[in-house]
Every structure is written in C-alpha cells, then in structure tokens.
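Notes follow once the structure below has been shown.
The values are calculated or read from the model by the stated rules, or taken from the named source; none is laboratory data. Source: prediction; values computed, not measured. We place every Cβ from the backbone using ideal geometry, glycine too, and count neighbours over all the protein chains shown. Heavy atoms of the whole protein, side chains included, go into the accessibility calculation; ligands, DNA and RNA do not. Shrake-Rupley method; radii C 1.70, N 1.55, O 1.52, S 1.80 Å.
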Amino acid sequence: MLIETLSVFPEMFEPVMSTSILGRARCAGIFDFRAYDLRDWTHDRHRTVDDAPFGGGQGMLMKAPPIFEAVRSIASEGARPHIVFFTPCGEPFKQDVAERLAGYERLLFVCGRYEGMDERAYELADERLSIGDYVLTGGELAAMVVTDAVVRLLPGALGDELSSVDESFSTAEGGGLLEYAQYTRPAEFEGNEVPPVLLSGDHAKVARWRRRDAIERTCRWRPDLIPAAELTDEERLYAEELLRRYHGDEPIE
C-alpha cells in the first residue's frame, strides 16, 4: 500500500512514520509513505496557499487552485489514489472505516489548515472523514491517526495475524466490543491480584472469561456499542443484565 499526504507542514509526518509499528512496517515494505508540500504547487514568490474569505469573517482559507493542481499532479503518477479530505462534515472515523481503507492500494490524505478550505476543493474528495467532534489546528494529526489505524490492519504489520482481531472495536466475527482486561507479572501488586482463571493454563476457560469480561467492560464504559455488537442470545441476556446494573433505565445512545 502507498499512503500519501498533501500538507503545508509535510515535515510533521516523518517522526511518526519512522517509529514503532509504522516504522517497522514501512521498513519491511508493507506500506510506503510520501508527504508532499502544498506550497510546491504555488506560483508566487511568497508561495501563498491561503487568502481572506469572501463575505468577511475571521481567519484565512486555503485557496482552491493550489489544491486542485497538487492533487491532480500527484494522482496522475501511477494508479489513481483514493482521495480523503478531513472536515467536520465528514463521516465519523471508526474501525469499520479503517478496515475499508486498508483495502485500497493507494490513499491520498489532503490536510486542511487555517479556517478550512475553499469549498470548491472538496470536489476532489472521494470521501470526507472526521476523527471527532473537536477542533484541531490542521488535518495532519488526523492523517496520522487514520494512517496508524489502517497500517496496523495490513498483513504482517503486527507480526501476529490475530493481533488486530481481538482489539477493541474490531468488526471480525464476534467483534464490536471493547477488548477484555489484560495483566502481566507480578501476579499480585499492591493487594490487587490477577484473576485466577488467567493463571490456570486452561485455554478454554481463559477464552470464556475474556469474552464475558469484554461484554462487561463494554456495558460499563461504552454501552452505546452493545446494540450493534455480535452477541449470542445468551450473551445478549447477560449484557442486558449488566446494562441495568450499571445504567439503570437510562436510555442508551
């Protein structure tokens, strides 16, 4: 997979893309990464990418012409990328979106800055994404978040092919829950002991405990995930009991 970004601060990406799982996956050739400077597609001596908005208002807007020129130029080299813009108007970024994006051979993330972009620039987008209901200074951090979530789903990126299956929010069979609690040595720390079943060596019992714990944690902290989670009839009854225990009759949204 080839992942590319278009930004006015392309230097932000290299420390993240060369570190930890992303760095190892990149070195292994599991994905390639390129960051482009939007200013390379400007034509004035100040390399201007922004201007005041028509109608007045606070701040500056990114101009459409450099974005159009840059995206068209980048896209013309090789297979056409799937083009993603980040905006509050976008689809909320969730695990199922990451799994879908992991299926593309080439992704191009276009990162906004300032007060946003000239609305006409969004005509270039194949899709728009939002990573949350809050304001960031620019789209670079959003692009890093999405890249991290996508790359860890690529074959070989995590080493253990099942590592991403049991994670929180996975859409694999039986998924949609928060991940179960995990422990490591020592078995007792400041009066808190590891659940005995995890020390039993009985893999079937461990699996059953982990499943029930995942349901319990989800009911307690993210009850909104339960309606869409893949649960058996027995698990659904257990979840309903937990929801009543933790949240009473309050509506789950």
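Considering Asp50, Asp126, Asp118, the condition of being touching a residue at least 24 places away in the same chain (Cβ under 8 Å), within 30 Å of Ser20 (Cα to Cα) and acidic (Asp, Glu) is satisfied by Asp126 alone. For Arg152, the stated conditions hold: it is of a type in the set (Lys, Arg), surrounded by 16 or more Cβ atoms within 10 Å (Cβ to Cβ), under 20 Å from the mean Cα position of the chain (by Cα) and on the phi < 0 side of the Ramachandran plot.
Counting the residues of segment 69-98 that are small (Gly, Ala, Ser), out of contact with any strand residue (DSSP E or B) (no Cβ under 6 Å at 6 or more places or on another chain), assigned to a loop (DSSP other than H, G, I, E, B) and farther than 21 Å from Arg39 by Cβ gives 1.
Among the residues here, Leu136 qualifies as assigned to a loop (DSSP other than H, G, I, E, B), open to solvent by 40 Å² or more (accessible area, probe 1.4 Å), within 29 Å of Glu179 (Cα to Cα) and among the aliphatic types (A, V, I, L, M). Can you tell which of Arg208, Arg220 is free of Cβ contacts under 8 Å to residues at least 24 places away in the same chain, closer than 19 Å to Leu178 by Cα and open to solvent by 100 Å² or more (accessible area, probe 1.4 Å)? The match here is Arg208.
Rundown of residues vs (1) open to solvent by 60 Å² or more (accessible area, probe 1.4 Å); (2) assigned to a loop (DSSP other than H, G, I, E, B); (3) at pLDDT 95 or above; (4) not hydrophobic (A, V, I, L, M, F, W, C), yes/no style:
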residue: Leu141; (1), (2), (3), (4): yes, no, yes, no
residue: Val146; (1), (2), (3), (4): no, no, yes, no
residue: Gly156; (1), (2), (3), (4): no, yes, yes, yes
residue: Asp166; (1), (2), (3), (4): yes, yes, no, yes
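Scanning segment 237-253 for residues that are modelled with pLDDT of 95 or more and under 28 Å from the mean Cα position of the chain (by Cα) yields Ala239, Leu243. Residues in segment 1-42 that are in contact (Cβ under 8 Å) with a residue 12 or more places away in the chain and part of a loop (DSSP other than H, G, I, E, B): Met1, Val8, Phe9, Phe13, Ala28, Ile30, Phe31, Thr42. Listed by first and then second residue, the pairs with beta-carbon distance under 6 Å, at least 6 apart or on different chains, first residue in segment 135-148 and in contact (Cβ under 8 Å) with a residue 12 or more places away in the chain and under 18 Å from Leu38 (Cβ atoms), second hydroxyl-bearing (Ser, Thr, Tyr) and buried (at least 18 other Cβ atoms within 10 Å of the Cβ), are Glu140/Ser7; Ala143/Thr5. Regarding segment 99-107, can at least one residue be identified that is within 22 Å of Ala75 (Cβ to Cβ), part of a loop (DSSP other than H, G, I, E, B), open to solvent by 50 Å² or more (accessible area, probe 1.4 Å) and not charged (D, E, K, R)? Among the residues of segment 99-107, at least one is within 22 Å of Ala75 (Cβ to Cβ), part of a loop (DSSP other than H, G, I, E, B), open to solvent by 50 Å² or more (accessible area, probe 1.4 Å) and not charged (D, E, K, R), which makes the answer yes. Looking at segment 108-127 only, could you name the residues that are modelled with pLDDT of 95 or more and in a loop (DSSP other than H, G, I, E, B)? Cys111, Gly112, Asp118, Ala125, Asp126 - these are the residues of segment 108-127 that are modelled with pLDDT of 95 or more and in a loop (DSSP other than H, G, I, E, B).
For Pro10, the criteria (1) in contact with a helix residue (DSSP H, G or I) (Cβ under 7 Å, 6 or more places away or on another chain); (2) open to solvent by less than 60 Å² (accessible area, probe 1.4 Å); (3) not basic (Lys, Arg) hold in every case but one, which is (1). Of the residues that sit in segment 35-51 and are under 18 Å from Leu141 (Cβ atoms) and not acidic (Asp, Glu), which one is surrounded by the most Cβ atoms within 10 Å (Cβ to Cβ)? Among those that are under 18 Å from Leu141 (Cβ atoms) and not acidic (Asp, Glu), it is Leu38.
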